[in-house]
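Since the structure comes first, as C-alpha cells, the remarks are kept for the end.
The values are calculated or read from the model by the stated rules, or taken from the named source; none is laboratory data. Everything numeric in this text was worked out from a predicted model, so none of it was measured. Cβ coordinates were reconstructed from backbone atoms using ideal geometry, including for glycine residues, and neighbour counts include every protein chain displayed.
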Amino acid sequence: MKTVRFLVEGKKDACFIRALFAARFPGFTEFGVPESSVDGVLLRSEVMSVEVIPVGGYTKLDRAKSSAEDKNGDGLYVALIFDADETGVEKGGVADRTKFLKEAISTWRLLAPPKNAIDIFLFPDNNRDGELENLLEDIVPQKYVSLIAECWRRYEACLEIHGGQKPSQKSKMNDYEAAVLGPSVWDRGGIMKGLLDPNLWDWNSPKVAPLFDFISRQLSVAEVGT
Amino acid sequence: MKRFLSSLNIVNFRGFKDFSCDSFRPITIIGGKNNSGKSTLLEAICFLSNRANGAIPGKLVWNRGERMKTRSLATLFYGAGDEGEITMHGIFSDKTTRGVSFECTHRSAIEFKLEDSPKDNINERQPFTYVQQFYTNRGENAVSCGAMMIAFIKDEYRCYPFDPQKTGSEYGKIDGRTTDDDWECVFYQSQRRNNISPVYSRLFKSGDEKKVLPYLQFVDSRILDIAYDGDMLLVGVGDGKMRLPINVMGDGVVKAAEILSILALCPGGGILCVDEIENGLHYSAMKELWKSIVCLARDRNIQLIVTTHNIEMLKAIGEETDCVDDGEFVYLNMVRRCGDKVVAFPYNHQELTHSLSMNLEVR
C-alpha cells in the first residue's frame, strides 16, 4: 500500500494534522501509531496510508533523513509541514525557512528515495511568518473569539503596564484551551485533548484552506503516482 | 583506524540474492527485524575475511547448529539450492579489495576461487579445490577438505592437515590446531556452541590477560585479577582471598570476559563480529560492556561489527559511543523489501541518537 508521510516538527503538530484529518478527510480512519515512529500518527483509507511523523524541529531535519527513506519499497511520498517562524530570528520567515529546508533536503543521499519531489508547507498559511499557534488563533470559532480578543488582549496590556514580558503565542493558545475546557486540560496528555476537541476549532474556516489544499495535493499525487 | 572493511557485495549467499553496502565503518552496528539478514551479513564477512581457511564453509554450517550431512552445504546458497556461485567482494578503506567465489561442482565437492588485490598477486595464489567427504566414525562426524581435515569432536571443532590414509578417529589423536587459529575475523555468536576454554588457554599462554583485566574491571569493579586453571577462567573478587570460576559470575561478566579475551587475541587490523550482543545481559551492564569493547577494539586496531535489535542496547551504544568521530561509527538498519531484496540503511551517530530520542523506529 502506498504511504504519504508528513514530516512535522513535534507531537503537537502531529496531533493537529490528526485532528484536521478527522474533521476534513472523512475517507481516512485512525490506525494508531505507524511502525516508523512511536510518537507518530497512522491513518488509512482504502488506497493509502498516511503517516505523520514528528522529527524534532527544523534544526534536526538533517538527522531525521531516514524518515524520508522508502524502506519497505511500497511506494512512499513525503512532504514537510513546519513552522515559518519570524523573519529576523535565525533562518526564520517564509523565504529563509523554505530556503533552509530545501538546502537540507538537497544534501540527503537516500538509498530508497520517495517517489515525489518533497514539497514544503510552512505554518500558518505558507505565506505569512508565524507558527502553528497562529493558525490555531485564526480558526478559533466565533463563539470563543472574545476569549482572545478581549480577555487575552487585556491580560497582555496589563502585563505591559506593569513591566511584564509579552507571553508567547504558544502560551496564548494553551491558555485559550484551558479557558474553554477547564484546568483538566493540563492533565496528562491534556494539551492534545484540546487540539482534538472539535468545539475549540472551526475546521471549515477559510484560514485552513491553504493547508487543506496542500495536504489534498499530496494525497492526489500519491493516488495517481505509479 | 588505519584499515577497515568499508564496502561489501554478496551474491547468492544464504538469504542474500544480491546485497551491497558501502557504509561500513570501524564501529558498525547492525539492526533489523528477524530474518532480515543480520547474522548472515556477519557470516559473509567472516567467510570473506577467512576465505583461505578451508574450514570456513563447514564451520558456518556447524555454527548454525546443523549436523554435517551431505546436503548441509546447500544451506549456504540462496534458496538452499546449491546452484550457481556464491560470490563476495569486499573493499577496504585503503582501496585494497578482496574476493571469493564458491560453488558446488558436484554433490560432495566445493570449489573456492580467491581474488585479491593488488591484481599482480592473483597469479601467485593458485585457485584451490576442496573435496568434501562425509562419514561417521565412533559417533564423531568429520569432513575432509582436500588440504585439511576438519573434525567435530564433542564441542570442539578442529582442523588438521589432510591425510587420505587416516580415518576420522585417527585424526582425533593428532594434536591439530583449532580452526580459530590465525583467523583475520572472529565471529562471536549469540548462542555459544563452542568451548571457550581454548581461548582462555591461549590468552594466558600469550600473556595477553593483562590487556583484558582493566577492561573487565569496567564491567565489574570488584574484579581484582583473573587466572586460568587449565580448564576454566577464575576471577579474583572481594578481598582477593578467593577466586571463583567465571561461570558463577553474572552473564554480563561471563560475556564480557569471553568477548574481551577474543578481542585481545584477535590479530591487529582484523575484524570481530558479535551476533546479538545484548543476549543474556541486564540493561545496566550494557553500557559498561560496550565501553570496554570499544576501548579495547580501538587500542588493538580491530574493526567491530555487531548486531542487536534491543532498544536499550542501542541507547547504550549511542551514549557510550559519543566520544568517537562521526566517520568511525555507523548503524545499519537492515530491511528485507519486496522482491526479497535486502537493503542496509545507514545512520551516523548523530542520526541514530536523534532518532532514538525522537522515538523513531530504527530497528
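Quickly run through segment A:85-115 and pick out the residues that are assigned to a helix (DSSP H, G or I), of a type in the set (Asp, Glu) and touching a strand residue (DSSP E or B) at 6+ places or on another chain (Cβ under 9 Å). Working first, answer last.
Just the residues of segment A:85-115 that are assigned to a helix (DSSP H, G or I), to begin with: A:94-106.
Going one step further and asking which of them are of a type in the set (Asp, Glu), we end up with A:96, A:103.
Within segment A:85-115, just A:96 meets the criteria.
Of the set (1) in a loop (DSSP other than H, G, I, E, B); (2) under 28 Å from residue B:347 (Cβ atoms); (3) at pLDDT below 90, all apply to residue B:127 but (2). The set of residues in segment A:1-32 being farther than 20 Å from residue A:194 by Cα, assigned to a loop (DSSP other than H, G, I, E, B) and in contact (Cβ under 8 Å) with a residue 24 or more places away in the chain consists of A:1 alone.
Name the residues in segment A:59-92 that are at positive phi and within 14 Å of chain B (Cβ to nearest Cβ), would you? I'd like the intermediate steps shown before the answer.
As a first pass, look at segment A:59-92 and keep what is at positive phi: A:73, A:75, A:85, A:88, A:91.
Result: A:73, A:75.
The C-beta contact set for segment A:149-171 (first residue free of Cβ contacts under 8 Å to residues at least 40 places away in the same chain and farther than 19 Å from residue A:134 by Cβ, second residue of a type outside the set (Asp, Glu) and surrounded by 14 or more Cβ atoms within 10 Å (Cβ to Cβ), distance under 9 angstrom, 6+ apart or interchain) comprises A:159/A:167. The conditions of being under 15 Å from residue A:219 (Cβ atoms) and in the same structural domain as residue A:118 (by TED's automatic domain parsing) are met by residue A:29.
Among the residues making up segment A:166-187, those that are more than 21 Å from residue A:83 (Cβ to Cβ) and either part of a helix (DSSP H, G or I) or at pLDDT 95 or above (or both) are A:178, A:179, A:180, A:181, A:183, A:184, A:185, A:186. Quick one: is residue B:301 closer than 20 Å to residue B:186 by Cα and surrounded by fewer than 21 Cβ atoms within 10 Å (Cβ to Cβ)? It is true that residue B:301 is closer than 20 Å to residue B:186 by Cα and surrounded by fewer than 21 Cβ atoms within 10 Å (Cβ to Cβ). Against the conditions (1) over 23 Å from residue A:123 (Cα atoms); (2) within 22 Å of the chain's Cα centre (by Cα), residue A:178 satisfies every one except (1). Residues in segment B:307-363 that are of a type in the set (Gly, Ala, Ser) and either in contact with a Ser or Thr (Cβ under 9 Å, 6 or more places away or on another chain) or at the interface with chain A (Cβ under 9 Å from one of its Cβ atoms) (or both): B:318, B:339, B:344, B:355, B:357.
Per-residue answers, yes or no, for (1) exposed (fewer than 15 other Cβ atoms within 10 Å of the Cβ); (2) within 14 Å of chain B (Cβ to nearest Cβ); (3) over 19 Å from residue A:8 (Cβ atoms):
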position	(1), (2), (3)
A:94	no, no, no
A:102	yes, no, no
A:106	yes, no, yes
A:109	yes, yes, yes
A:113	no, yes, yes
A:116	no, no, no
A:121	no, no, no
A:124	no, no, no
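Testing residue A:61 on (1) closer than 17 Å to residue B:351 by Cβ; (2) modelled with pLDDT of 95 or more, one condition comes back false. Which one is that? Answer for residue A:61: the failing condition is (2).
Only residues that are away from chain B (no Cβ under 14 Å) and over 17 Å from the mean Cα position of the chain (by Cα): list them for segment A:31-58, please. Residues satisfying the conditions are A:31, A:44, A:45, A:46, A:47, A:48, A:49.
Condition check ((1) surrounded by fewer than 17 Cβ atoms within 10 Å (Cβ to Cβ); (2) within 14 Å of residue B:362 (Cβ to Cβ)) across all residues:
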{"site": "B:308", "(1), (2)": "no, yes"}
{"site": "B:313", "(1), (2)": "no, yes"}
{"site": "B:320", "(1), (2)": "no, no"}
{"site": "B:327", "(1), (2)": "yes, no"}
{"site": "B:331", "(1), (2)": "no, yes"}
{"site": "B:337", "(1), (2)": "yes, no"}
{"site": "B:340", "(1), (2)": "yes, no"}
{"site": "B:345", "(1), (2)": "no, yes"}
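The set of residues in segment B:199-231 being part of a helix (DSSP H, G or I) and without any contact (Cβ under 8 Å) to a residue 24 or more places away in the chain consists of B:205, B:210, B:213, B:214, B:217.
Every listed requirement among (1) farther than 24 Å from residue B:349 by Cβ; (2) in a helix (DSSP H, G or I) is met by residue B:234 save one, (2).
Here residue A:185 meets the list (1) aliphatic (A, V, I, L, M); (2) assigned by TED's automatic domain parsing to the domain that holds residue A:69; (3) under 21 Å from the mean Cα position of the chain (by Cα) almost entirely, failing just condition (2). Cβ-Cβ contacts under 9 Å between residues 6 or more apart (or on different chains), taken from a first residue in segment B:269-286 that is among the hydroxyl-bearing types (Ser, Thr, Tyr) to a second residue that is surrounded by 15 or more Cβ atoms within 10 Å (Cβ to Cβ), are listed as B:283/B:310; B:283/B:312; B:283/B:313; B:283/B:315; B:283/B:316; B:284/B:252. Candidates A:10, A:27: the one that is closer than 22 Å to residue A:201 by Cα, of a type in the set (Gly, Ala, Ser) and within 11 Å of another protein chain (Cβ to nearest Cβ) is A:10.
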